[in-house]
Structures are given as structure tokens and as C-alpha cells.
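Report on the following structure.
The values are calculated or read from the model by the stated rules, or taken from the named source; none is laboratory data. Computed from a predicted structure; not experimentally measured. Heads up, the Cβs are rebuilt from the backbone with ideal geometry, glycines too, and the neighbour counts pull from every protein chain shown. These area figures cover heavy atoms from the full protein model, side chains too; ligands, DNA and RNA do not enter into them. Shrake-Rupley method; radii C 1.70, N 1.55, O 1.52, S 1.80 Å.
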Amino acid sequence: MPGIQKASCSTMNRGAGKVKQDYLQCFPVLRESVLYGFACTLQNTGCRDPFSSEVKPRILLMGLRRSGKSSIQKVVFHKMSPNETLFLESTNKICREDVSNSSFVHFQIWDFPGQIDFFDPTFDYEMIFRGTGGLIFVIDSQDDYVEALSRLHLTVTRAYKVNPDINFEVFIHKVDGLSDDHKIEKQRDIHKRANDDLVDAALERIHLSFYLTSIYDHSIFEAFSKVVQKLIPQLPTLENLLNIFISNSGIEKAFLFDVVSKIYIATDSSPVDMQTYELCCDMIDVVIDISCIYGTALIAIIGFMPTKGEGAIGSLDYTPEERKALAKKSQDFCCAACGGSMKSALLPVTSNSNPTNNDREAKELARQISFKAESSSSSTAARKQVLVSPVSSEPSGEQASESATQTETPESPEAADSQTSLQSTPREEAPQPGPLNRPLSPRQRRAQQPRRPASPTYPQLQLQPEGSSHVGLAVLIVVLTLALAALIFRRIYLASEYKFDYEL
Ligand SMILES: Nc1nc2c(ncn2[C@@H]2O[C@H](COP(=O)(O)OP(=O)(O)OP(=O)(O)O)[C@@H](O)[C@H]2O)c(=O)[nH]1
């Protein structure tokens, strides 16, 4: 068990680690992406989370109402299907989300309501912009964007005054409804007008980046990837590493993915082909789906292992010592089909092998699993059963006297209940006999246990002393003998009566 814990992978379900490894061996681009992904952290330009000591970069989502801000957040970070966004309600307050919960990329996203008013004195925009790393302004390309452009200008100029280091990103959104020509035309027009406004305000040094996006394809993931990349201080190093990697491996293209959100944190310097990126995204989906299926199953199995067997079919009805010995032995297991060995799959246990959330989940599962024998008796009743059962181990004097009190006169219904439940005592509760008080093996325990009565209604029968059964047998024999004698006597009588009649 501890070995399994150490075999875990951080971004996915622990149990699915091996499955994921196999997949990643087949897809080196993904493998490298995933492996590098673990080590990435974002630039420290953000706010201090009131609930943690960690400082996270902040990305703001701004734009007019119904431009698609919440949809972008839900699709990229919550795996919401694009069609479901049709039912999203309008945002009426700032929604902050900590993305570090779902991946190894740590940042916060703040989704602003479209109707936000910068001139409202209650809106402390200075505080907000001061800790911001990136500002995404969403423009609905299917709508008239004149108002959106003036709002963009106002937002950018205000933010720039407070924090000139902010990266300004403009998402020309909902382009799925536009033809290719139309898209290019819109982008050119928006780009020109926005920059002209900045030039007019003598703020031409402000750099705006434009992206054509839609939640109905991968363009939104690609755009978000580029936004996040700008916040990674190690980006040039990562790109260099990926360049070296592809030049030495013969791999065409390498992405460094954040597996959970499917945004890529870095790629080599060759141009990004959308189709390759989409292929990798699809592969990540497959890996995550499989890891979910196998991960859940594995957690259930792991949870089952420490569960008390209670003689259930397929259960591990062994003492803790035997279980430990078996666990050690299992490390020598080698799969005949694939040749993989347990030793190579599991990492060694160290003092740092702290339990993860999944381990706790497995323990909780183990706690919840209860077999029939356990569930039908309370722990108190179980203890009482241990005391009154005529098992070969001898209870102490104190225990014996308690058992006598319990069996003779149940003073209350509860006491009667406790007696009735005596049949269903868990076997592992039996006292551990032997001079060294060593736990017994399942076979020994079975041998020591009394046969359970067929009917659970008469627990007192268990308490009959052995001699009483002999007396009963003798009485039965006498009664039977008498009955037989009576029958013979009657037969003789009838025979003589018949004879008498005949004579008459
Ligand atoms: N066609 C298309 N529709 C989109 C896209 N993104 C979002 N939408 C739709 O746009 C509508 C508004 O989306 P929201 O995400 O609620 O917009 P919002 O900007 O958060 O709105 P507020 O909360 O009012 O500020 C929804 O019906 C979405 O389904 C897209 O890429 N293409």
C-alpha cells in the first residue's frame, strides 16, 4: 500500500499513474509536456490570497455584457460544454477563481460583470489593477463593437496608469459565426480602431495583443495559452529545453501542457500548427478519461484492501502481519503478458511518503465498507458476544461475571436486543488467545469458533453446558422407549380383543 501511494502522479488520480505512464510512453510529445508541466509556476506578479500565504498572478476577464467572459472561463477551466453556456446567467458581481485547484499552474481569474462602472466610487480599480498580470478584454464579434471599443480604451488607459506592466489581451470572440474573410476583416478593423484611440490619447506605447477566439473550437485554449505564457518567467528556458528535446528525439513538435486545462505553457520555437495542437488536446482528453475510470476503480480496490474480510468471497481475511508479508511479496510480481514488474512500477517508501487526498479517500472507503456480520451488531453488543461465547479462549473472571449477568436476566429491551444480536459478532473481535497473545490466522480463528446456531432467536442455547445435552438425550430415549412399549401393549390388547370377539 505505501508503495502504491508513492507511485502516484500529481495531476491525475493516483491510481491511474501507471495507466498514464503507459499512455505517455506511446505519446512522447504528451509525456514531455506532462512531465515538464509539473515543474511550472507562474510569474509572481499577482495578489496575496487572503486564504493562503502564496502570492498568485491575477488575470482579469473584462468586456461588455454577454460578450462571453463567463463562458470562456467555464469552458477552459471547468470543462463545460460550449452548448451549456447558453444557460449561463449574467454575472452581477466580481467572481474570483483560483485555478491552482485544478492544475499545477497557479493563478487567479477574476470575472467582471459586463456593466461595471469605473467611475463608481465604490469600485477600487487601483487596488484591482495593481496586482494584475494580464487583462483580457472580450469583444463580441457578432455584435456592434463600437461601444466595446470605447470601453476597451477606458479600461486600458485606467489600468495602464495604475500598472504599466499589465499585458493587455483582446479576444475578438464568437468568431465561429464568421467566414474566414470576415474574421480577418474584423480583426484588422478592431485592431486599427483600438490603436488609433491609443494614439489619439498619446498612449501608443501600450501594446494590445489580438486573438480570434471561440468556445466552439480550440482557438480559446490557444489564446489562453498565450496569455498564461506571458506570465511565466521561465518561458525562454522552457522553449530552449523543448528545442533541444525535439532536435535530439526526432519528434516534430513538443508542447508543454497544463493537462487539466489543456492550455500549453510552452512550446518549441517552430510555428504552432492548430491541427497538431488539437490532436494533442484530444489525446489529453483521452488520457484524463481513462485515468478517471481506472483511478476510481483503483481507489475502490485500495479502499477494499485494509477492510476486514469477515469471510466475504474474495476478501483478504488475514491478520495484519500476514497482510504485510503478502504486500512485501507482491513486489516481486511480474506480469507474464507485458513483462512489467511491480518493483519498477512502485517507488520506494520514504519518510516523506505522506498520505495524499486519494489515500485519505481510500481510507474513508475502507471505513465505510462493512460486511453483513459487522453491520448487524453494535460494537457494544459485539463486545458482549465475545464475553458470553463459549469459545475455547477463556475470558477473565471479570468478563465472565459480566457475561453471566447479561445472559440470565435481560432487564431492559436494550439488554434483550444485545443478547439477540450476539449471533452476529464480527469474528475479528474474538479475544486473541495464546501465551504470546499473537493474532491468529484465519484458519486458526475458524477452528476456534463455535458453530453458529441456525436460528438467531435463541441465544441462550449457546450457553447450555455440555452435560445438559446428554441428559436431554437420555430423557428422549426413555420417552421413546415408553411410547414404543405403549404401542406394543395396545397391539397385544387389540389382538386379544379380536380373539375374544371371534370366540363369541
Ligand atoms: N456563438 C458563440 N456564442 C458564445 C461564445 N461564447 C459565449 N457565447 C454565448 O454568449 C452568451 C453570453 O455568454 P456569457 O458567458 O454569459 O457572457 P458574459 O460576458 O459572462 O456576460 P455577463 O455575465 O452578463 O457579463 C451565452 O449565450 C454564450 O453561449 C462563442 O464563442 N460563440
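For the stretch 77-119, name all the residues that are hydroxyl-bearing (S, T, Y) and either in a helix (DSSP H, G or I) or outside the structural domain of I220 (by the TED database) (or both).
Of the residues in the stretch 77-119, the ones hydroxyl-bearing (S, T, Y) are 81, 85, 90-91, 100, 102-103.
Result: T85, S100.
Could you count how many residues in the stretch 204-227 are among the aliphatic types (A, V, I, L, M) and at pLDDT below 90? Quick ask: steps written out before the conclusion?
Residues of the stretch 204-227 that are among the aliphatic types (A, V, I, L, M), as a first pass: 206, 208, 212, 215, 220, 223, 227.
From what is left, the residues that are at pLDDT below 90 are none.
Summing the residues that are among the aliphatic types (A, V, I, L, M) and at pLDDT below 90 in the stretch 204-227 gives 0.
If you take the residues in the stretch 163-190 that are in contact with a strand residue (DSSP E or B) (Cβ under 9 Å, 6 or more places away or on another chain) and open to solvent by 80 Å² or more (accessible area, probe 1.4 Å), which one is nearest to the ligand (Cβ to nearest atom)? By that ranking, first place goes to I184.
The residues of the stretch 119-140 that are open to solvent by 10 Å² or more (accessible area, probe 1.4 Å), aromatic (F, W, Y) and within 16 Å of the ligand (Cβ to nearest atom) amount to a single one, F123. Checked across the stretch 74-86, the condition of being within 10 Å of the ligand (Cβ to nearest atom), of a type in the set (D, E, K, R), closer than 21 Å to I263 by Cα and modelled with pLDDT of 85 or more holds for at least one residue.
Only one of the numbered conditions (1) at pLDDT 80 or above; (2) part of a helix (DSSP H, G or I) is not met by K343, and that is (1).
For every residue, the table says whether it meets (1) in contact with a helix residue (DSSP H, G or I) (Cβ under 7 Å, 6 or more places away or on another chain); (2) near the ligand (Cβ under 10 Å from one of its atoms); (3) open to solvent by 30 Å² or more (accessible area, probe 1.4 Å); (4) modelled with pLDDT of 80 or more.
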{"position": "F51", "(1), (2), (3), (4)": "no, no, yes, no"}
{"position": "T91", "(1), (2), (3), (4)": "yes, yes, no, yes"}
{"position": "S102", "(1), (2), (3), (4)": "yes, no, yes, no"}
{"position": "I109", "(1), (2), (3), (4)": "yes, no, no, yes"}
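Here is a check on your reading of the model: is F221 farther than 16 Å from M274 by Cβ and within 16 Å of the ligand (Cβ to nearest atom)?
When the stated conditions are applied, F221 does not pass them.
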